Amino acid sequence: MPQFWEYRSLSDHPDLLAVAKSRYRAVDGFAGLRAFETTKMVFGVKRRIVVTHSQNLHDKQSQGFDQTLAKAQRQAAELGARLARGKTRKPRDGVEAEIAAILKARWLSRVITTTLIGESPAELRLSSATDGAARAALEAELFGKRILFTGNPFTTLPRSA
């Protein structure tokens with residue numbers, strides 16, 4: 001019988017992301033890959049689900065996020081410095097839109113907090129901070145994971161002892 005797997009968005013299944021690491025098991029023949037299996041109703045159909053975690057993928061996602069985070073931190077600092085000099089003509093809503101653009105990249109708004117004070121352009125001041133605990137939670141929740149679905153109950157994962 002053919003094996004049909006499809007990948008689904010992680011954010012659509014927070015219950016699967018919250019599963020404890022202790023439920024994951026090593027997968028034979030795939031160094032660094034761990035997985036757990038379950039079933040779930042998806043679009044009205046009971047599906048077999050395998051959630052995988054690859055340390056290699058985790059590390060690469062973390063490295064990519066480091067770059068995205070550094071860029072956003074730099075942009076927020078530059079905007080904060082410009083506002084502190086009183087060198088903006090943008091009204092508050094324009095500065096808020098600029099902040100939203102800085103934080104638009106995936107997951108940044110979960111890790112960077114910003115506070116904008118003042119009303120007129122000359123009064124506007126921005127502070128920002130990166131929350132290390134939020135970063136760690138994000139990595140534990142999402143990085144390195146994939147969710148695979150199949151309607152085929154006969155496909156099995158290779159398991160290590």
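Scan the range 54-156 for trypsin sites (Lys or Arg not before Pro) in coil per DSSP, keeping those whose Cβ has at most 14 other Cβ atoms within 10 Å, and list them by number. Write down the numbers at each step before the final one.
Working: sites: 60, 71, 74, 82, 85, 87, 89, 92, 104, 106, 110, 125, 135, 145, 146; in loops: 85, 87, 89, 104, 106.
Filter output for the range 54-156: 85, 87, 89, 104, 106.
Kindly provide the Kirkwood hydrodynamic radius of the range 73-138 in Å, to one decimal, from all pairs of distinct alpha carbon atoms. Walk me through the numbers before you get to the answer.
Details: mean 1/r = 0.0819 Å⁻¹.
Answer for the range 73-138: a Kirkwood hydrodynamic radius of 12.2 Å.
Taking H placed 1.01 Å from N in the peptide plane, check which residues at least 5 places from residue 47 or on another chain put their amide H under 5 Å from its amide H.
Excluding prolines and chain starts, which carry no amide H, the hits are 40, 41, 42.
Cut-off is 10 Å between beta-carbons; in what order do 39, 150 appear when sorted fewest neighbours first? Before the final figure, lay out the partial values.
Values: 39 11, 150 15.
Going from sparsest to densest Cβ surroundings: 39, 150.
Residue by residue through the range 64-78, which ³J(HN,Hα) values in whole Hz follow from phi under the Karplus form 6.51 cos²θ - 1.76 cosθ + 1.60 (θ = phi - 60°), with glycine and proline marked x?
Values, residue by residue: x, 5, 4, 5, 5, 5, 4, 5, 5, 4, 5, 5, 5, 5, 5 Hz.
Counting other C-beta atoms within 10 Å, and keeping those with at most 16, which DSSP coil chymotrypsin sites (Phe, Trp or Tyr not before Pro) do you find in the range 87-156? Present the calculation step by step, with values, prior to reporting the outcome.
On the way: sites: 107, 143, 149, 154; in loops: 107, 143, 154.
Hits after loop and neighbour filter: 154.
Please state, rounded to one decimal and in Å, the Kirkwood hydrodynamic radius that the range 10-147 gives when every pair of distinct Cα atoms enters the mean of 1/r.
Values: mean 1/r = 0.0570 Å⁻¹.
Result for the range 10-147 stands at 17.5 Å.
Can you spot the lysines whose alpha carbon is less than 26 Å from residue 21's alpha carbon? Ignore those fewer than 8 places along the same chain.
40, 46, 60, 145
List the chymotrypsin sites (Phe, Trp or Tyr not before Pro) within the range 7-93 that fall in a DSSP loop (any state other than H, G, I, E or B) and whose Cβ has at most 13 other Cβ atoms within 10 Å. Don't jump to the answer; show the numbers that get you there.
Numbers: sites: 7, 24, 30, 36, 43, 65; in loops: 24, 30, 43.
Counting only loop positions with at most 13 other Cβ atoms within 10 Å, the chymotrypsin sites (Phe, Trp or Tyr not before Pro) in the range 7-93 are 43.
Counting only helical runs of four or more DSSP H residues, what would the 222 nm mean residue ellipticity of the chain come to if each run contributes -39,500 (n - 2.57) and the total is spread over all its residues? Write down the numbers at each step before the final one.
On the way: 5 runs with 60 residues, N = 161.
Roughly -11500 deg cm²/dmol at 222 nm, from the helical runs in the chain.
Sort 114, 68 so that the residue with the fewest other Cβ atoms within 10 Å of its own Cβ comes first and the one with the most comes last.
Numbers: 114 17, 68 14.
Final ranking by Cβ density, sparse to dense: 68, 114.
The numbers here are math on the coordinates, done by the rules we state, and not lab data. This is a predicted model, so every value here is computed, not measured. Cβ: placed from backbone, ideal geometry, glycine included. Neighbour counts: every protein chain shown.
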